[in-house]
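Take a look at the structure below.
The values are calculated or read from the model by the stated rules, or taken from the named source; none is laboratory data. Only a predicted model underlies this, so the values are computations on that prediction, with no experimental measurement involved. For neighbour counting, all protein chains shown are included, and Cβ atoms are generated from backbone atoms with ideal geometry for every residue, glycine included.
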Amino acid sequence: MTVKIDWLGLRIGAYGAAAALAVLTLFFGGLMLLLQLDRCGNSLMSEVLSPDGKQKVSVFARNCSPTVTGSIQASILRTGQSIDDQEGTLLIAVPKNTLSSWASQTAAVDFVWVDEQSLIVRHASTLTLNKAVSKSHGVKVEYLAIAP
């Protein structure tokens, strides 16, 4: 027995209808997957206030996909501001060895305010700095790699 479906003026057999449904399902499923993979989440790790208390460094872990290693990121913000879902404006650091323990890497960055206009970022040499801004919000930033 052959089932015929009349769709948009076209006569499609049962196998054709099943194939069309499969293609549509794959298309929309793939589209939903792409939209889902584009979402990133930030988890606040710490905040370091400037000496005058007007600014702070917000340090956070950023994860964009369960299959991609996360990163340590930081932004200089005014006190009272909070991080959003954007990437860090000051620092983005990732482990050089993706097989190393991520938990051991999260403590590998330290922020020390020298004064209201100077900041020192000490980071483990096991991290790659994908972004290291030398001046942000009027604050001069110096980066020092340290042995783990």
| query | How many of the residues making up the range 90-132 are farther than 12 Å from residue 72 by Cα, at pLDDT 90 or above and not in a strand (DSSP E or B)? | reply | 3
| said: Looking at the range 108-148 only, could you name the residues that are among the small types (Gly, Ala, Ser) and more than 17 Å from residue 92 (Cβ to Cβ)? | reply: 118, 138, 147
| request: Name the residue, out of 33, 26, 21, that is modelled with pLDDT under 90, surrounded by fewer than 12 Cβ atoms within 10 Å (Cβ to Cβ), within 19 Å of the chain's Cα centre (by Cα) and outside the structural domain of residue 139 (by TED's automatic domain parsing). | output: 33
| request: Considering (1) surrounded by 18 or more Cβ atoms within 10 Å (Cβ to Cβ); (2) at pLDDT 80 or above, say which one residue 61 fails and leave the rest. | output: (1)
